[in-house]
Amino acid sequence: MKGHVFLIGLGLIGGSIALALRSKHRITLSAYDISEKQLKLAEALGVIDLAEPSIQEGARKADLIIIATPVQQTRTILTELATCKLKPNAIITDVGSTKLEVMEMAQQVLPADQSFIGGHPMAGSHKSGVEAAQKHLFENAFYILTPTEATTDVQMQTLKRWLAATRATIVEMSAAEHDKIAGAISHFPHIVASALVQQVADLSKEHPIAMRMAAGGFRDITRIASSSPTMWRDVLLHNKDEMLAMLEEWKERMNDVQEMLKKSSGEELFSFFEEAKFFRDALPVRAKGAIPSFYDLYVDVPDYPGVISEVTRLLAEKGISLTNLRILETREDILGALRLSFRTESDRQKAEVLLEEASYPTYISG
């Protein structure tokens, strides 16, 4: 496809969509961001063709308008777009992680002849900013689209053709269904992870060693608690009804476990864990979900100065990017262990082959 794409917001998500679109379509891509620094950086990196001085200036030329901002700002931007003179067939979409409020706002403020289709690319990274953008960020991830009753088949198919460049799996659903599902598999887990961390933080006040012992598996299952507090505050508030309902369900589930323990019911506890294990083991291994995946590779290394830099140099020379590196064990006269985290299974496989060829034993946990 060809035309003019206007991007509002130049973070990781917006920048990655821009790179994906530029890789497949013949387009002019302009952008507006409240940060002039981000605009200049995006131009320098070749993410966009030009910076726009205002939303109005960029919107009037666009065939596709992508609002790539947090939900709170999206509401304000929709109000501003409602005053703009757009092309007759222009499509507006967003990337927000909650949909119901945004869809209701769009229907309230946008003129009837302006087409808005909600969107949520369900992929991300621990990094942020346009400098972290990559065109393959959404490959094999789910990209949810939430049309309105007024959305035509032509508009829907046009947006899908634009977004085909992301190589994501595009799924249509209602805004309400999206918020319920995303709440369960993405939003609510952040509450649980943060609550677990706070529980151990309280414990460590009385038993300081708890903080040291809470590494390993505990650190892994609570990794998402390190996400942006500002973002997750806003996400939960915009999906408040679903979160309140899930908290009630969670309390009931924990009450059930409490009763099992009070009764010392080994059979019920076994069933509780068995059912969870069955569902967990059936989850797709290679598919991208709502929470960013990390692919870990463990490497045994001898204990001598500079060994870690040797491993990272080997990866860098082959262009294999690490998302995280952690030293698990380094004791004198025995092997140490490194946990290398990668963004994709492909990067992990390349690293495994490379390090094995360099005589570093590797293994994958689980």
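Annotations
- Condition check for residue 62: touching a Phe, Trp or Tyr at 6+ places or on another chain (Cβ under 8 Å) and free of Cβ contacts under 8 Å to residues at least 40 places away in the same chain: no
- Total residues in the range 182-208 satisfying the condition of being open to solvent by 70 Å² or more (accessible area, probe 1.4 Å) and of a type in the set (Val, Ile, Thr): the figure is 1.
- Applying the criterion of being in a helix (DSSP H, G or I) and in contact with a Phe, Trp or Tyr (Cβ under 8 Å, 6 or more places away or on another chain) to the residues of the range 141-172, the residue that is farthest from residue 106 (Cα to Cα) is 166.
- Every residue from the range 154-179 that is more than 12 Å from residue 140 (Cα to Cα) and among the basic types (Lys, Arg): 160, 161
Yes/no matrix, rows are residues, columns are (1) out of contact with any Leu (no Cβ under 9 Å at 6 or more places or on another chain); (2) at pLDDT 75 or above:
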site	(1), (2)
296	no, yes
306	yes, yes
310	yes, yes
324	no, yes
328	no, no
336	no, no
341	no, yes
344	yes, yes
361	no, yes
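- Condition broken by residue 270, with the remaining ones in (1) surrounded by 11 or more Cβ atoms within 10 Å (Cβ to Cβ); (2) modelled with pLDDT under 95 satisfied: (2)
- Filtered residues of the range 121-136 (kept if in contact with a Gly (Cβ under 8 Å, 6 or more places away or on another chain), part of a loop (DSSP other than H, G, I, E, B) and among the hydrophobic types (A, V, I, L, M, F, W, C)): 122, 133
- Some residue of the range 94-104 being touching a Leu at 6+ places or on another chain (Cβ under 7 Å) and under 22 Å from residue 179 (Cβ atoms): no
- Wholly enclosed helices (runs of 4 or more DSSP H) of the range 173-268 bearing at least 1 residues under 30 Å from residue 284 (Cα atoms): 175-182, 188-206, 217-221, 229-238, 240-262
- Taking the range 126-167 as the range and being touching a strand residue (DSSP E or B) at 6+ places or on another chain (Cβ under 7 Å), buried (at least 20 other Cβ atoms within 10 Å of the Cβ) and modelled with pLDDT under 95 as the test, the residues that pass are 138, 141.
- Among residues of the range 62-78 being modelled with pLDDT of 95 or more and of a type outside the set (Gly, Ala, Ser), the one that is farthest from the chain's Cα centre (by Cα) is 63.
- Flag for residue 350 being open to solvent by 70 Å² or more (accessible area, probe 1.4 Å), at pLDDT 90 or above and in contact with a helix residue (DSSP H, G or I) (Cβ under 7 Å, 6 or more places away or on another chain): no
The values are calculated or read from the model by the stated rules, or taken from the named source; none is laboratory data. Please read all numbers here as calculations on a predicted model, not as lab measurements. Quick reminder, even Gly has a Cβ in these numbers, built from the backbone with ideal geometry, and neighbours come from all protein chains shown. Ligands, DNA and RNA are excluded from the accessible area calculation, which covers all protein heavy atoms including side chains. Shrake-Rupley method; radii C 1.70, N 1.55, O 1.52, S 1.80 Å.
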